[in-house]
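Student: Take a look at this one; I'll ask things after.
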Amino acid sequence: MSRSNLMNLKPMGPPRTDLDREEPLPRQNETRRIWNQLKRSRLAIPGGIVVLLFILVAILAPLIAPHDPIKNNLTKPLLAPGSIHLLGTDELGRDILSRIIYGARLSLVEGLISVLLAMAIGVPLGVLSGFVGGKTDAILMRLVDILMAFPGVLLAVAIISVLGPSLVNAMISVGIYTIPMFARLARGSTLSIKEEPYIEACRAIGMNPFRTLYRHVFPNIRAHLLVMGTLRVGTAILTASSLSFLGLGAQPPSPEWGAMLSNGRNYILVAPHQVIFPGLAIILLVLGLNLLQDGLRLALDPKMTER
Amino acid sequence: MLPVIVGVSVCVFLIIHMMPGDPARIMAGIDASEADVRVVRHSLRLDEPLYLQYFHFVGRAAVGDFGVSFRTRRPVMEEIGSRYLNTLLLGTASILVAVFLGGITGIISAVKKYSIFDNLSLLISLAGVSMPTFYLGLLLMLFFSVKLGWFPLAGKESWAHLVLPAVTLGTPSAAVISRMVRSSLVEVMDQDYIRTARAKGLREWVVIGKHALRNAMINAVTVVGLQAGYLLGGAVVTETVFAWPGIGRLVVQSILARDFPVVQAAVLILAVTFVVINLLTDLLYGLLDPRISVQ
């Protein structure tokens, strides 16, 4: 399907308002339409399958991991990949495959928790900012600008300097680091629908503003947020693993992928497999999320532009 | 710009107050007596009201005085001085790598739209943005230093030490720049003035080089500016991988050593540099495209 055809489709279905009874929401069709779109996007399905596999691996970790991910076995340090240890062992004789399998849990949790945290704070801020406007908007957006004045991972690093290095603090700092993206997106989307007739109608019938926000504004910006969320889970996983790599996130003996790489770096001359495999796991998962996001963007929200 | 810098300075100032524990106690050492801690607290002005402390902090920061490092007891600016220049050197080298790699692949992808090269560069770009910088750094190190021995492993003794860190830091930005150059060039190539240029019988490379590229560059400049700022953050990771003696590595080491004056100074300097780069990008944007006025 060409891009122009995509643009003709209604991106998010008719607005879900009580006032709009003539055209009730075709929920069934909407789901089917999104699924059809996803299927048409060549890379979204492979991306989705990769992500799903990682989720399965994370859930089933105790069942599929061949060895204990934490227990040292000092008789077998730095083994090259072989039949017993498929991906080799690290300097303490721990099975790298098992550590990667358990690490999937940590990475997915890191990504999800930080994005949920960012959404929980950023979305209400952005929606409020866009909906209320005026001074509230100016002040809130200035605050967001300040957060964005720290380049890249530096904001997360600065927050860790206050909270202290740990896995939980890494999630919190990545979450705070991600707030501006959601605040800006939510504000922009709210601004774009604020002047729509159905929002005006809500005002005209004297609906409580919070009810308007909850029932009419939020459902209409949900698709944007979901797309951004998928993208940001990938970025959050990358950022959190960077923090762990720097020694500012997950601490040993946690099988976090970034931490595994940080550790493996010391043995790069004698056991490069200790570096190569955890890194591949990060790339695969993040690539899967990025591909899925790209498909979702086209399916849910053809008008949304690349950031 | 000014409100943002003020906001950043407040955040950085608060780092030392939000951390767990008493800064005066950390500075004085674990074995210090209560009286010693009081002396340190007074000398650091930690017994004054918060707003006075802030003004004092900003006043001193404005003249480059960030106090004394907890770790080395040397003035913070002495610790930072040459490292800042090293980070700027690495940043400049990586933005050159990014513009060169990204520009060339972007232009070829746009000219040979939907070719194998175009699809391949899309795939590489996708992998490029999905790969953590430290992993790319370690892979380059493994291949070019360990296996081939072309470049030194880490440190900063010669120009050869700059190559791998610059490529590591520049590659993700190259991926972004490449996609941006491609899409803006593709858009420009459809414009009427390109058709006119072709109709005049100009050679294709003149059409692309002189007419298309100059107009496509306007969009690309913004992306390059944004990426240049982003590189400052990325330096934190890359410098650690290659033991590059820059300000980013200093931040990480100082956090782990709880050396807060250095953390404050380094974070503030990086953030202000970032804001200034963004301002310059905006100004440059206005210069390149007369339709945009700079207020």
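Student: Counting GluC sites (Glu not before Pro) as exposed when in a DSSP loop with at most 16 other beta carbons within 10 Å, what is the longest stretch of chain A free of them?
Tutor: With GluC sites (Glu not before Pro) excluded where exposed in loops, chain A gives A:196-305 as its longest stretch.
Student: Right, another one. Quick check: the distance between the Cα centres of the range A:56-106 and the range B:23-79, to the nearest angstrom?
Tutor: Value for the Cα centre distance between the two parts: 47 Å.
Student: Compute the projected area of the convex hull of the Cα atoms of chain B, averaged over all viewing directions, and report it in nm² to one decimal place.
Tutor: Across all orientations, chain B yields a mean hull projection of 19.6 nm².
Student: Would you mind computing the Rg to Rh ratio of chain A from its alpha-carbon coordinates, Kirkwood style for Rh?
Tutor: Radius of gyration relative to Kirkwood radius: 1.06.
Student: Obtain the nm distance between the two label points defined at B:Asp190 and B:Ser33 by a simple spin-label model: each point lies 7 Å from its Cα along the Cα-to-C-beta direction.
Tutor: 8.0 nm
Student: Still on this model: Going by Cα centres, the range B:172-247 and the range A:155-229 are how many Å apart?
Tutor: Taking the Cα centre of the range A:155-229 as reference, the centre of the range B:172-247 is 31 Å away.
Student: On each of the three principal axes of the Cα atoms of the range A:160-307, give max minus min coordinate, whole Å, ordered largest first.
Tutor: Result, largest extent first: 72, 35, 19 Å.
Student: Can I ask one more? Which of the listed residues, A:Gly188, A:Leu163, A:Gln274, is farthest toward the dipole's positive end in the protein assembly as shown, when Lys, Arg count +1 and Asp, Glu count -1 at the beta-carbon?
Tutor: Selected residue: A:Gly188.
Student: What is the magnitude of the charge dipole of the range B:52-206 about its Cα centre, with +1 placed on the Cβ of each Lys and Arg, -1 on the Cβ of each Asp and Glu, and no other charges, expressed in debye to the nearest 20?
Tutor: Dipole of the range B:52-206, to the nearest 20 debye: 120 debye.
Student: Once you have the alpha carbon radius of gyration of the range B:230-271, what is it after dividing by 2.2 N^0.38 Å, with N set to its residue count? Present the calculation step by step, with values, prior to reporting the outcome.
Tutor: On the way: Rg = 9.5 Å, N = 42, 2.2 N^0.38 = 9.1 Å.
This ratio for the range B:230-271 stands at 1.04.
Student: Here is a further query. Mean residue ellipticity at 222 nm from the helices of chain B, using -39,500 (n - 2.57) per DSSP H segment of n ≥ 4 over the full residue count, to the nearest 500 deg cm²/dmol?
Tutor: The per-residue figure over chain B is -24000 deg cm²/dmol.
Student: Have a look at A:Leu79, A:Leu269, A:Leu284 and tell me which one the Gaussian network model of chain A (Cα, springs below 10 Å) gives the largest fluctuation.
Tutor: Greatest mean-square fluctuation among the candidates belongs to A:Leu269.
Student: Each label point is 7 Å from the Cα along the Cα-to-Cβ direction; what then is the distance between the points at A:Trp35 and B:Glu78, in nm?
Tutor: 7.0 nm
Student: May I pose another question? May I ask which residue of A:Pro252, A:Leu292, B:Gly7 lies farthest towards the positive end of the charge dipole of the protein assembly as shown, with charges of +1 (Lys, Arg) and -1 (Asp, Glu) on Cβ and the Cα centre as origin?
Tutor: Looking along the dipole axis, the top candidate is A:Leu292.
Student: Run down the lysines and flag those whose C-alpha is under 18 Å from the C-alpha of A:Lys135, throwing out any fewer than 8 positions away in its chain.
Tutor: By straight Cα distance, A:Lys135 reaches A:Lys194.
Student: Suppose every K and R has +1 on its Cβ and every D and E has -1 on its Cβ; what is the size of the dipole of the protein assembly as shown about the Cα centre, in Debye to the nearest 20? Spell out each step's value before the answer.
Tutor: On the way: 53 positive and 38 negative charges, 279 e Å.
With Lys and Arg at +1 and Asp and Glu at -1, about 1340 debye.
Student: Among the aspartates and glutamates, select those whose C-alpha is under 14 Å from the C-alpha of A:Lys71, and discard any that sit fewer than 8 residues away in the same chain.
Tutor: Straight-line reach from A:Lys71, under 14 Å: A:Asp90, A:Glu91, A:Asp95.
Student: Just tell me which lysines come within less than 29 Å, Cα to Cα, of B:Lys200; anything on the same chain fewer than 8 places away is out.
Tutor: B:Lys112, B:Lys113, B:Lys210
Student: Now for a separate question. Given 10 °C and 1.306 mPa s, compute D for the protein assembly as shown with the Stokes-Einstein relation, Rh being the Kirkwood radius over Cα pairs; round to the nearest whole µm²/s.
Tutor: 60 µm²/s
Student: At 222 nm, what value in deg cm²/dmol follows for chain A if DSSP H runs of at least 4 each add -39500 (n - 2.57) and the sum is divided by all its residues, to the nearest 500?
Tutor: -22000 deg cm²/dmol
Student: Only Lys, Arg, Asp and Glu count, each charged at its Cβ (+1, +1, -1, -1), so figure out the dipole size of chain B about its Cα centre, rounded to 20 debye.
Tutor: Value, rounded to 20: 920 debye.
Student: Let me ask you something else. With a point put 7 Å past each Cα toward its Cβ, work out how far B:Glu48 is from B:Leu89 in nm, to one decimal.
Tutor: So the two model labels end up 3.8 nm from each other.
Student: So, R0 is 22 Å and r is the distance between the beta-carbons of A:Ile84 and A:Leu284; what FRET efficiency does that work out to, to 0.05?
Tutor: In this case the efficiency is close to 0.40.
Student: Then there's this: Expressed as a rounded percentage, what relative contact order does chain A have, with Cα pairs under 8 Å and six or more residues apart?
Tutor: Dividing the mean separation by the residue count of chain A yields 27 percent.
Student: Averaging over every viewing direction, what projected area does the convex hull of the Cα atoms of the range A:68-112 cover, in nm²?
Tutor: With the hull built on Cα positions only, its mean projection is 3.1 nm².
Student: Would you be so kind as to identify which of A:Val217, A:Ala240, A:Leu74 lies farthest towards the positive end of the dipole of chain A, taking Lys and Arg as +1 and Asp and Glu as -1 on Cβ and the Cα centre as origin?
Tutor: A:Val217
Any read-out appearing in this document is the output of simple, stated calculations on the displayed coordinates, not a laboratory observation. Note that the structure is a prediction, hence the values are computed from the model and not measured. Note: ideal-geometry Cβ built from the backbone for every residue, glycine included; neighbour counts use all protein chains shown.
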